[in-house]
Every structure is written in structure tokens, then in C-alpha cells.
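First the structure, in the form of C-alpha cells, and then the observations on it.
The values are calculated or read from the model by the stated rules, or taken from the named source; none is laboratory data. Small disclaimer: the values here were computed from a predicted structure and weren't measured. When we count neighbours, we look across all protein chains shown, and the Cβ atoms used for this are built from the backbone with ideal geometry, even at glycine.
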Protein chains: 2
Amino acid sequence: MTAHPTTLGYALLGLLHQGPRSGYDLRKVFATTALGNYSSSPGAIYPALARLERAKLIDGRVDQARSLRPRMLYQPTKAGSAAMRRWLTQPISHEDVERRIDELMLRFAFLWILEDRRRTERFLVELAEQVDAYVTELKRQRSLHPPETPIQPRLALEAGIEQYQACARWARKALIAVRKERT
Amino acid sequence: MTAHPTTLGYALLGLLHQGPRSGYDLRKVFATTALGNYSSSPGAIYPALARLERAKLIDGRVDQARSLRPRMLYQPTKAGSAAMRRWLTQPISHEDVERRIDELMLRFAFLWILEDRRRTERFLVELAEQVDAYVTELKRQRSLHPPETPIQPRLALEAGIEQYQACARWARKALIAVRKERT
DNA sequence: TCGCACATGTAACGTGTTACATGATTCA
DNA sequence: TGAATCATGTAACACGTTACATGTGCGA
């Protein structure tokens, strides 16, 4: 009951906030956009949709509009929208930054659902702070490398540092862009 | 038989190339370093070690050196080293860049095992090329956004673009650093 | 009529997560 | 004596991957 959807579940739930879609429609989105990183293919998507429906977070009904074959069109229920809002408004944890940065980006991409610019801004501020903190931690790790460490692991750590720094820079730039936006 | 180790398996196998370690030692590495991103905790590590041993890629023997309790010390077998070398020298695929970039970084971190600077250089060249290609693809996706797209998904895609660009920049910088290295 | 795109699934399998179990040693 | 640390695991569970199954409508 209190079982939360997985990242894929939230991705599907989020997409359905754009309007009713069938499983096939959703698959196409995953197949053609960068969202494809969050998995793909029928074996994951159809079961995930079934789980969301069992949890009453989405509602499926048959699209009897003519055309090809009957399709199941899903849309979020009230409970589904509420679950989505809860997920979107979670605070950004240390753990999220360290190990689930792409889930954070997914959350950000769906923040439009809230129609609350302030919330988007707060997300970016928090993200920049947390990422900065993690960069500091990574730099500390770099300083702890014993001198005989080969160059490759050193450089790999460097890569991590630079990717997170890029993320922090992006967050600050995005914050400015969001503030400029007319709503 | 031809079943390949998972990313976690390769991470363990790679660490064992630094010298014999126990499961506990390995857990500590995962718990305290950035490697922790590649999972953690007994429930994953001990079974992974058991699989590697069943596949004859590592060899465990009891450390009867005094001190605390008996520990199982693992080290790679010849087959294990060969499997590692095969993994490390795989070409970098489009798919790797899109969906397994952190596995690529793990591979890079373990390239020291090959003791072949050229190989490291080639890896970085290939990576930069492939990442550039993916950045191009992401920019194309950005240009395809319909004008009414909310700002958040746009910015999220922007984040992806900038992280990959940071990765490409890093690869070129790292290439220079590796070339400078005396071996 | 052949094949492809549409459309929806299921089954087997391996693996990671979480939580728990067990017992020895060291230190307060 | 009790707590923390060393050290190794196991069991239940859910999820994703891969591969397969099934059938319609449309265009060449």
C-alpha cells in the first residue's frame, strides 16, 4: 500500500499528466527521447502500468475512437496526481545527489506539473547547494589518494568532480532562466 | 558459462587486481569511496563474490594469519584476469555512452590494470568522439521541442547536454595528462 | 498475399535491496 | 558484562532484461 512506484513508475505517471496515453504511446516516448535512459521496452512498461493501475494511481479505459485496434488509454487518478506531487516536492537528500542524480533530473523535468515557479526555483537552489557539498566531499577523497595511486583512478574521480560541477553550474544558470520566465 | 559478470562483478574483480581482499575489505571500499555508486552492502557483494568464484574468475582461500577471525581472501584467477582484460578492451558503443556512462568510467578507472598507456589514450579518444556524437543527438532533440514545451523539460535536457559536454572536455584534458605521464 | 507497423502482453531469469542471523573479539 | 566492531552470510521480494507470443489493419 505504502509501496511507492519506482522511478520508471513515476516517469510513466508524469508523462500521463500531459494527457491520456496508451502503453504503446509511452513506449514510443521512451524509445525516441532521452527519457529512454529510464528503461524501456514492453517487459518493463506494461507491468509498471499494471502496478500503477492496481495501486489506483492511474485509470485505464478503452479508446473506442475508430482507427486501428482498441487501445487502453491511461490517465492519472486524483491519488496518482497526489502521489506525483508528493514525489516532486520531496526534499533533495544527500543520497539522491550521490546515487540517484538522474532521478533528480527526472523530477525536475516534471516540475512543470505543479505550476509553481517558486517550487522550481527552490529545487534548483537546493540542488546547487547539495551538489556543491558533494563536490567538496569528492575533492576530499581526491586529496586522500595515496601517492602511488595510478593516474586512471585519479582521473576517473576527476571526471566525477567535473560532472557534478557542471551540474551545479547548470542549476544556477537554470535558476536565472526560470526567474526570467513570464508565467 | 558465457554469462558475463555484472558491473558490480567487474568492480569487485577489478579491486582484487590490487591484491587479495576479503568480502569485508571490499565492502569497506564501497562504503567509503565514490565506488559506492556501484552498489554496496552484503546482500549484493557476497553473492557476487560467490558467482565470480563459481565462474572460476576468482579464487578464495582462508587467511590463517592470526588476528581476529578467519577471513576468506579472494584473488583473480588467470581466467579472471583474462575476463577483466576483455571487458577493459571492449570498444565503446553508442549504447554505453547513452545508458551506461558510469560503467564506462569504472572501466576507465581500472585501465591501469592493463599497464598499457596507449590503450588508455585510445579509450579517451574514442570516448570523446562518442560523447560528442551523443551531444549532437541531444541538441537535435532540443531543437525538436514544440514551442509550447514547459521550461523544466527543456532545462532538464540542457542539463544532460552540459553534463556530456563536461565529460568530453574532461576526456580531452585527461588525454593530455596521460600523455604527459612518465611510465 | 506478403510484410510491416500498430498494439498488448507473458514467462523465465538474474540480480539488487532490505532486513535479518550468527558468532568471535576487543574495549570500556 | 555489555556494546561496538570484525566477518560472513541468507531469505524474501520486487524489479528490469530478454525473448517470445498474438493478432489486426494497411500498403505494395
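Some values worked out for this structure:
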quantity: Selection count, the stretch A:76-91, where residues are touching a strand residue (DSSP E or B) at 6+ places or on another chain (Cβ under 8 Å) and closer than 12 Å to residue A:110 by Cα; calculated: 1
quantity: Some residue of the stretch A:115-127 being within 10 Å of chain B (Cβ to nearest Cβ) and not in a helix (DSSP H, G or I); calculated: yes
quantity: One residue from A:109, A:82 being more than 22 Å from residue B:158 (Cβ to Cβ) and under 17 Å from the mean Cα position of the chain (by Cα); calculated: A:82
quantity: So residue A:111, is it under 30 Å from residue B:120 (Cβ atoms), among the aliphatic types (A, V, I, L, M) and either within 12 Å of another protein chain (Cβ to nearest Cβ) or without any contact (Cβ under 8 Å) to a residue 24 or more places away in the chain (or both); calculated: no
quantity: Residue A:28 vs. criteria away from DNA strand C (no atom under 15 Å from the Cβ) and surrounded by fewer than 16 Cβ atoms within 10 Å (Cβ to Cβ); calculated: no
quantity: Answer from A:117, A:154, A:169, A:140 - the residue that is touching a residue at least 60 places away in the same chain (Cβ under 8 Å) and surrounded by fewer than 18 Cβ atoms within 10 Å (Cβ to Cβ); calculated: A:117
quantity: Any hit, the stretch A:76-95, residues being farther than 28 Å from residue A:127 by Cβ, at pLDDT below 95, away from every other protein chain (no Cβ under 14 Å) and surrounded by 15 or more Cβ atoms within 10 Å (Cβ to Cβ); calculated: no
quantity: Matching residues, the stretch A:11-24, being within 16 Å of residue A:71 (Cβ to Cβ), buried (at least 16 other Cβ atoms within 10 Å of the Cβ) and of a type outside the set (Lys, Arg); calculated: A:12, A:15, A:16, A:20, A:22, A:23
quantity: Yes/no for residue A:15 being among the hydrophobic types (A, V, I, L, M, F, W, C), within 14 Å of the chain's Cα centre (by Cα) and more than 10 Å from DNA strand D (Cβ to nearest atom); calculated: yes
quantity: Matching residues in the stretch B:172-182 - criterion: being assigned to a helix (DSSP H, G or I) and either in contact (Cβ under 8 Å) with a residue 24 or more places away in the chain or facing chain A (nearest Cβ under 7 Å) (or both); calculated: B:172, B:174, B:175, B:177, B:178, B:179
quantity: Qualifying positions in the stretch A:1-25 - within 12 Å of DNA strand C (Cβ to nearest atom) and part of a loop (DSSP other than H, G, I, E, B); calculated: A:2, A:3, A:4, A:6, A:20, A:22
quantity: Residue selected from the stretch B:32-54 under the condition over 23 Å from residue B:104 (Cβ atoms) and among the small types (Gly, Ala, Ser), by the criterion nearest to the chain's Cα centre (by Cα); calculated: B:41
quantity: Identity of the residue in the stretch A:31-63, part of a loop (DSSP other than H, G, I, E, B) and surrounded by 13 or more Cβ atoms within 10 Å (Cβ to Cβ), that ends up nearest to the other protein chains (Cβ to nearest Cβ); calculated: A:33
quantity: From B:103, B:98, residue being within 14 Å of chain A (Cβ to nearest Cβ), within 13 Å of DNA strand C (Cβ to nearest atom), touching a residue at least 24 places away in the same chain (Cβ under 8 Å) and buried (at least 16 other Cβ atoms within 10 Å of the Cβ); calculated: B:103
quantity: In the stretch A:1-39, the residues that are in contact (Cβ under 8 Å) with a residue 24 or more places away in the chain and of a type in the set (Phe, Trp, Tyr); calculated: A:10, A:24, A:38
